[in-house]
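One structure is given here, and the rest of the page talks about it.
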Amino acid sequence: EQVLFLGDIFPTGWQAAAQCDIQPTDTVAIWGCGPVGQMTIRSAVLLGAKQVIAIDRVPERLSMAKAGGAITINFEEESVVERLNELTGGKGPEKCIDAVGMEAHATATLDSIYDRAKQALMLESDRAHVLREMMYVCRPAGTLSIPGVYGGLIDKVPFGMSMNKGLTWRMGQTHVNRWTDGLLRRIQEGQIDPSFVITHSVGLAEGPGMYETFRDKRDGCIKVVLKP
C-alpha cells in the first residue's frame, strides 16, 4: 500500500508542487483536499514551503490536511480571500494550486450560479471558480499550478488580471515515469508513507457501493483500496 499510489495520485500531487518551484519563503495555497490535494499538501511540505494552506469544505479532508502540516480554510465557514490576506499580510500566496478541476463547487457565489446556468444550456463545460479565485488572490509574479482536470470550455476568466500580474501558469497531465524513482526513494527513506490517505479497504465486490460513498462524501471516505 505504500507504493500503490506511485501510479497516480502521489506523482500528480508531487508534480503539482514541484512545478511551482517552491522556495523556503513561499506560501503555497492548495484548493481541494481530496486524494490528489492531500498528496500535494505533503509534497509542498517536503519541498520546504514556509506555509501551506489547504482549502476545502469537507471536515475529514480538512482534518487530514491539518495532520499533514497545512493551515486549513473551510470555504463554507469563512471567506477564502479574507483569510488568505490575513495569512499573507495582504500580499497573497506566491504559489496557488488547483487540485479540484472542472467540477469546482462554491457556496452560492455569482460566478458559481453563472457557471451552472451556462452548463445547463450546454454553453460551458467546466466550472472555473477555483481558477478565478487563484488568479485574484495570487501574488504578482506568482505561479498557478493546475493538476485538476479540465475537459473543455470555461467562461468569464479574468485573463487580463493574470497577464497584468505576470502570473506563470503550469499545468498538464502527470509525467508519472519522470517522478517514480525519486518518490520511491523518499518512501524507502521514510520521508513519507502515502498510505496515510487510505480510509477504506474493501473487497472488489463492494466497489460500486464505495464509489457512491466516495461521491457522496459519506463515512469519512477519502480514498478506497479495492482488494480482489
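5 Å is the cut-off here: which amide hydrogens, built 1.01 Å from N in the peptide plane, fall below it relative to M171, excluding neighbours closer than 5 in sequence?
I146
Once R0 is set to 45 Å, what does the formula 1/(1 + (r/R0)^6) return for the Cβ-Cβ distance between S79 and L204, expressed as a FRET efficiency to the nearest 0.05?
It comes to 0.55.
What full-extension length gain, to one decimal in nm, is calculated for K217 and M171 as 0.36 nm per residue of separation minus the Cα-Cα distance?
13.9 nm
Provide the per residue accessible area, probe 1.4 Å, for the chain, rounded to a whole number of square angstrom.
Averaged over the residues of the chain, the accessible area is 49 Å².
Could you tell me the calculated FRET efficiency between Y114 and S63, based on Cβ-Cβ distance and R0 = 41 angstrom, to the nearest 0.05?
It comes out at approximately 0.80.
Mind telling me which of G90, G152, G34 comes out most flexible in a GNM of the chain, alpha-carbon contacts under 10 Å?
Most flexible of the set in this elastic network: G152.
How much length would be gained if the chain were fully extended between K227 and L153, taking 0.36 nm per residue of separation minus their Cα-Cα distance, in nm to one decimal?
Between K227 and L153, full extension yields an extra 22.9 nm.
Of K118/K223; K91/K156; K66/K223; K66/K91; K156/K223; K50/K217, which sit over 26 Å apart, Cα to Cα?
Check vs 26 Å cut-off fails for K118/K223; K156/K223; K50/K217.
Step through the residues of segment 216-228 one at a time and calculate ³J(HN,Hα) from phi using the Karplus curve (6.51 cos²θ - 1.76 cosθ + 1.60, θ = phi - 60°), rounding each to whole Hz and writing x for Gly and Pro.
8, 6, 9, 6, x, 6, 10, 9, 10, 10, 9, 10, x
Would the chain count as rounded, prolate or oblate if I go by the C-alpha gyration tensor, calling it rounded below 1.5 in a/c and otherwise prolate when a/b exceeds b/c, oblate otherwise?
The shape class here is oblate.
The values are calculated or read from the model by the stated rules, or taken from the named source; none is laboratory data. On a predicted model such as this, the values are computed, not experimentally measured, just so you know. Here the Cβ is made from the backbone with ideal geometry for all residues, glycine too, and neighbour counts use every protein chain on show. To get the accessible areas, we keep the full protein, side chains included, count just its heavy atoms, and leave off ligands, DNA and RNA. Shrake-Rupley method; radii C 1.70, N 1.55, O 1.52, S 1.80 Å.
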